[in-house]
Amino acid sequence: MALGVREYTGIGEIKGPLLVVKGVSRVAYDEIVEVELPSGEKRRGRVLEVGMGYAVVQVFEGTTGISPVGTTIRFLGKPLEIPVSEDMLGRIFNGLGEPIDGGPPIVAEEKRDVNGAPLNPAERAYPEDFIQTGVSAIDGMNTLVRGQKLPIFSGSGLPHNKLAAQIARQATVRGEEEEFAVVFAAIGIKYDDFLFFKRFFEETGALGRVAMFVNLADEPAMIRLITPRAALTLAEYLAFERDMHVLVILTDMTNYAEALREISSAREEVPGRQGYPGYLYSDLASIYERAGRVKGRKGSITQMPILTMPNDDITHPIPDLTGYITEGQIVLSRELHNRGIYPPINVLMSLSRLMKEGIGPGKTREDHAEVSNQLYAAYSRGVELRSLAAIVGEESLSEVDRRYLRFADLFERRFLSQGERENRSIEETLDIAWEILSVLPEEELTNIKEETIRKYHPKYRRPKPTVS
Amino acid sequence: MPVKGRIVRVSGPLVVAEGMSGAQMYEMVYVGEAGLIGEITRISGDKAYIQVYESTSGLRPGEPVEGTGGPLSVELGPGLLGTIFDGVQRPLPLIAEEVAKSQPKRRMFVERGIRVPPLPRDRKYHFRPATDHVKVGEKVEEGDIIGYVRETSLIEHKIMIPPGVRGKLVWLAPEGDYTIEDPVAVVERDGRKIEVKMYHKWPVRVPRPYKVKLDPVLPLITGIRIIDTFFPMAKGGTGAVPGGFGTGKTVTLHSLAQWSEARVVVYIGCGERGNEMTEVLERFPKSKDPWTGKPLMDRTILIANTSNMPVAAREASIYVGITLAEYYRDMGYDVLLVADSTSRWAEALREIAGRLEEMPAEEGYPSYLASRLAEFYERAGRVEALGRPPRTGSVTVVGAVSPPGGDFSEPVTSHTTRFIRVFWALDTKLAYSRHYPAINWIQSYSAYVDLVTPWWHENVDKRWREYRDEAMNILLRENELQEIVRLVGTEGLSEKDKLVLETARMLKDGFLKQNAFDPIDAFSTPQKQFALLKTIIDIHRKGEELIEKGRTAREIREALGRLYIDIVKAKFTVPNDRLEEIEAIRRKALEALEKLEQG
Ligand SMILES: Nc1ncnc2c1ncn2[C@@H]1O[C@H](COP(=O)(O)OP(=O)(O)OP(=O)(O)O)[C@@H](O)[C@H]1O
Ligand SMILES: [Mg+2]
């Protein structure tokens, strides 16, 4: 696309964030554009469609104040690129990847197209290194592995930021010294949410290994379409060229999807469900799939997108399509939160699809898979019986069923609940699991093999001091 | 003379070019200076509307578009098995090699405009002429097998006279090593000589010809208990696996690809995750085909157009896959094709239709969605292949469906149900409680139960159907009872009904739930399936007798004691080759109940 800069002044139409520029030639699809207002103000945009003599341009900063007369449009002859360099860690950028922290400009080792290119499935390496987050509900039952994309499905007012921060602070791969580099993308979030993360990184002394890309709620919405891509472009560089393990936090993907809806309706496209464009799935995938490991490289990209579910509705297109792309999800529950449980993770709705490869002997512990299955089976039965007990009364349940109720309570109070700064090892997590499972009659542990019970069930184990 | 035009419009994956008169519908074209692969999907005057299979970023009006004179086609010949292709049959490992040549650091990315041959040109295969039934000087027709190549440890590739070729065989290559470009036979017709090579090309959107379509007659055993016993698939049948995210579609398709009794498996990852393809690539070469003990990859072809790859190629990938499947069917093999997910394919159709500004029907899908789905599933079936020797082959098609919000009333799910015979409905609630496979036994169905019954009776046990139906009825009855229990608890139920609840729980825990990742549980032979089923149903029958005699469901459960655990754990403690242990458990359980009867 080496075309050089071409300049035009003919704006045919302005609608929403779009300009239709007339009389152009040799404009490339997806090319980046500079729009200069008579005042000298400069805005940026990109080409969404080209035809003979016209181009449709999306202006990132919006079209407010743009007039068809006196405005100059420059086509820059290349796609949107950002410089990438290790020096970007410790720095803060705007949503388009330009430094805003007053520091020196980035001396680029290389510039890269923010759209990236699809990873070749034949060159990927399957993620399988257990990340200990220190959070029992995750490590024990929804294990995260290096290179996974695992979103947090939350609702407004739920402690997703706290949880994401706790994970970012505690995440380690056992047996390795190296800490994660963090690439953080703030997508249309409120200033205080941004401040929360900034302070958190400062306090933990992590700022030096964090790069932040920030687009706040009061900043132009169209930039949100670029912010996660700019962040991931840096992450790919750090992971696959600089051998780093990178944790990417994208928050809030709901704001991203809303910006996409806005541009789609401005283009008068046939809307899909709830006004979101039919290509929302593919578009989200072009972000979420930029995670993983590749053969022959040491680094990895682990993605933790955060999204708030409108009306706490998991079937809303944004969480729904996200769930169809990511490798599981951590779902936060308002009900648990209101009962004062932290972290309020609804484990039944949560899932880690890459768990099976990351656990077991040599990685976590040999009983892990069986214990996790048993916790699920027992807790879901407990929850079911709880609603039954609400109707028929606890007295009319059998002795065994009452034990399940007790198990469900213990599960929430003892296993799920933990401090914001409590960092449990996987052994502690599994030991707590055995402790609460032992309130059930042994015959009920149908997911666990006899040998495993003999080895780990508290009944057969010599008592030893519990750590907690 | 292929056409040459120029681009006048670019909008996402859609490119419009003018100066294209003479172009054909569905002709494959090269777009722009980078030579991106595209396909013509509409012609209007001298304008052609092209869906482009690679990212169009950077394309400009005025750039050239070149026709190829032919439709999008695949190469069919030895070298397909064990390979992973993209949506238009480019081998992904070769793409990586190609990228690495110019940009070693970017080897892991799929870059644009890369042309690599689908089948290796330099590899030699050992060809054996089929002199047992074709002779030089005699007539040959399309489909006649003229030679054999051992393609992998599992599959003997039959070299056939390509469709459309017939005449006198004037030369047949002697046994020896040849590349696919070397001629292995010459056929003469009307004085014209046609060279036959080990490969030929076939347009993906045209079903390959066969002699006659036959009804399916045999089950496709999958080793998944709820499938084989309750909702069986037939060789040459069609099925759908719909379900919300995370309910187990991919795990089910992986299990089918891994365990089912097919000779060749075509796995299409259509708009899904890259890691899921990587998983197959890493796991299959290490796993063994349960039927032969050979590496699974030796019977598998992967087609990967992941969700982040260009959307138009998703549309093509389905046709590429089914064409490869038909090709092995024509050799006389039973082929299984799984497509994950057909919803993403339908969405690709929708996106292209939207860009073409076609009138949308339901939820923005084009009005031809149903007919496209029908055409696709119609390419499944058991057939008598063309040519000699006479042979039958089959293509079984199973498609995952990903309904938005898990709602089965949406267009893709509802249209799909019209064209398939087996429906494995995945249930979010079952998945949440980790009841895997989360196949809902109330909503699912199979039209092949009657058809497979004789096979079970001949090969496993004469009372299979009786046991299977009885178990199904217990599950149906339990479902009704649960409605009552939810309102009033279990107190008001009769002892007989309480027994139904107990047995249903045993069926769920000890039979229906099956862990796809447990080395023993993942694959159950039909014999093991029946042994487990028989154990549970025999206990139920004995229980019913006891209740007639005044015993309670609780007493029955208590009489079983720890045997109950043995029964529900047998699926993962007893391997397929030690079924006598299940029989022993059954006998002990019946004895325990016998004792209860005697008081
Ligand atoms: N038979 C099974 N045995 C054990 N685990 C299973 C089974 N089926 C599903 N699972 C679990 O459920 C998870 C999700 O399954 P899967 O990836 O197949 O869902 P899916 O329906 O394909 O979802 P999506 O539509 O998002 O791709 C798996 O990672 C696995 O943990
Ligand atoms: Mg899937």
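Observations on the model:
- Estimated FRET transfer efficiency (B:Arg6, B:Asp518; beta-carbon r; R0 60 Å; 0.05): 0.50
- Once the Cβ-Cβ distance of A:Arg414 and B:Leu590 is raised to the sixth power relative to R0 = 30 Å, the FRET efficiency obtained is 0.15.
- Sequence-ordered 3J(HN,Hα) estimates for segment A:358-370 from the Karplus curve with 6.51, -1.76 and 1.60 and θ = phi - 60° stand at x, 10, x, x, x, 10, 10, 8, 4, 7, 4, 4, 5 Hz, glycine and proline given as x.
- Placing a pseudo-label 7 Å from each Cα along the Cα-to-Cβ vector at B:Asp190 and B:Arg486 gives an inter-label distance of 7.0 nm.
- Value in Å of the Kirkwood radius, where segment B:220-342 supplies the Cα pairs that are averaged: 14.8
- Net lengthening on full extension, B:Thr131/B:Ser371 (0.36 nm per residue, minus Cα-Cα): 82.0 nm
- Value of [θ]222 nm, deg cm²/dmol, for the protein assembly as shown, DSSP H segments ≥ 4, -39500 (n - 2.57) each, nearest 500: -10000 deg cm²/dmol
- For segment A:114-159, the extents of the C-alpha atoms along the principal axes are 37, 26, 13 Å, listed from largest to smallest.
- A crude spin-label estimate for the pair B:Lys197 and B:Lys105, with each label 7 Å from Cα along the Cβ direction, gives 3.9 nm.
- Modelled this way, with points 7 Å down the Cα-to-C-beta line, the labels at B:Leu356 and A:Glu427 are 6.4 nm from one another.
- Computed on segment B:464-597, with alpha-carbon pairs under 8 angstrom and 6+ residues apart, the relative contact order is 29 percent.
- Placing a label point 7 Å from the Cα of B:Lys124 along the Cα-to-Cβ line, the residues of segment B:143-180 whose backbone N sits under 18 Å from it are B:148-152, B:173-180.
- Burial of accessible area (probe 1.4 Å, heavy atoms of protein chains only) in segment B:420-451, relative to its chain alone, reaches at least 10 Å² for B:Tyr432, B:Ser433, B:Arg434, B:Tyr436.
- Chain B, relative contact order [Cα under 8 Å, separation at least 6], %: 13
- These residues, A:Met244, B:Met25, A:Met88, go from largest to smallest accessible area, 1.4 Å probe, as B:Met25, A:Met244, A:Met88.
- Antiparallel %, DSSP beta bridges [both residues in the protein assembly as shown], to 5: 65
- Environment charge of A:Glu13, counting only residues whose C-beta is closer than 15 Å and scoring Lys/Arg +1, Asp/Glu -1: +1
- Figure legend: label point modelled 7 angstrom from the Cα of B:Glu138 along Cα→Cβ; residues of segment B:144-163 with amide N under 14 Å from it are B:144-147.
- Of all accessible heavy-atom area on the protein assembly as shown, the percent that carbon and sulfur account for (1.4 Å): 50
- Take every DSSP beta bridge whose two residues both sit in chain B; close to 70 percent of them are antiparallel.
- Annotation: aspartates and glutamates with alpha-carbon distance below 18 angstrom to B:Lys135 (same-chain offsets under eight excluded): B:Asp144, B:Glu175, B:Glu188, B:Glu195.
- Take the accessible area of chain B alone and of chain A alone, subtract that of the pair, and you get about 6600 Å² summed over both chains, using a 1.4 Å probe.
- Applying 1/(1 + (r/R0)^6) with r as the Cβ-Cβ distance of A:Glu110 and A:Glu178 and R0 = 30 angstrom yields a FRET efficiency of 0.85.
- DSSP bridge analysis restricted to chain A gives an antiparallel fraction near 60%, rounded to the nearest 5.
- Neighbouring Cβ atoms from other chains, within 10 Å of the Cβ of residues in B:554-566, number 1 on average.
- Span from the segment B:106-166 Cα centroid across to the segment A:210-227 one, whole angstrom: 54
- For segment A:47-93, a decrease in accessible area of 20 Å² or greater in the assembled protein chains relative to the isolated chain, with a 1.4 Å probe, applies to A:Glu49, A:Val50, A:Gly51, A:Met52.
- Neighbour net charge for B:Lys569 - beta-carbon separation under 15 angstrom, K R +1, D E -1: +1
- Of A:Lys356/B:Lys429; B:Lys288/B:Lys429; A:Lys298/B:Lys101; B:Lys101/B:Lys286; A:Lys356/B:Lys569, pairs whose Cα-Cα distance is over 23 Å: B:Lys288/B:Lys429; B:Lys101/B:Lys286
- Charge tally in the Cβ shell below 10 Å around A:Leu351, where Lys, Arg are +1 and Asp, Glu are -1, A:Leu351 excluded: +1
- Amide hydrogen proximity for A:Asn94: with H placed 1.01 Å from N in the peptide plane, the residues at 5 or more positions away or on another chain lying under 5 Å are A:Ile100, A:Val214.
- For the residues of B:515-526, the average number of beta carbons from a partner chain within 10 Å of their own beta carbon is 1.
- The angle between the Cα long axis of helix A:426-437 and the longest principal axis of the Cα atoms of chain A comes to about 50 degrees, rounded to the nearest 10.
- Interface residues of segment B:264-284, defined as those losing at least 30 Å² of solvent-accessible heavy-atom surface relative to the isolated chain (probe radius 1.4 Å), are listed as B:Arg273, B:Gly274, B:Asn275, B:Thr278, B:Glu279, B:Glu282.
- 10 °C / 1.306 mPa s Stokes-Einstein diffusion coefficient of chain A, Kirkwood radius on C-alpha pairs, µm²/s: 66
- Per residue solvent-accessible surface (Å²) - the protein assembly as shown, probe of 1.4 Å: 36
- Each 10 Å bin, from zero up to the one with the longest distance, holds this percent of the alpha carbon pairs of the protein assembly as shown: 2, 10, 18, 22, 20, 14, 9, 4, 1, 0, 0.
- Shape category assigned to segment A:1-126 from the gyration tensor of Cα positions, a/c cut at 1.5: oblate
- Cα-based reach from A:Lys190 at 20 Å (exclusive), listing lysines while leaving out same-chain residues under 8 positions away: A:Lys162, A:Lys198
- Aspartates and glutamates with Cα under 13 Å of B:Lys193, excluding same-chain neighbours fewer than 8 positions away: none
- Chain A, relative contact order in percent, only Cα pairs under 8 angstrom and at least six apart counted: 16
The values are calculated or read from the model by the stated rules, or taken from the named source; none is laboratory data. Predicted, not measured: the structure shown is a model, and the values here were computed from it. So basically every Cβ, Gly included, is an ideal-geometry build from the backbone, and we count neighbours across all protein chains shown. Calculation scope for accessible area: heavy atoms of the full protein, side chains included, ligands and nucleic acids excluded. Shrake-Rupley method; radii C 1.70, N 1.55, O 1.52, S 1.80 Å.
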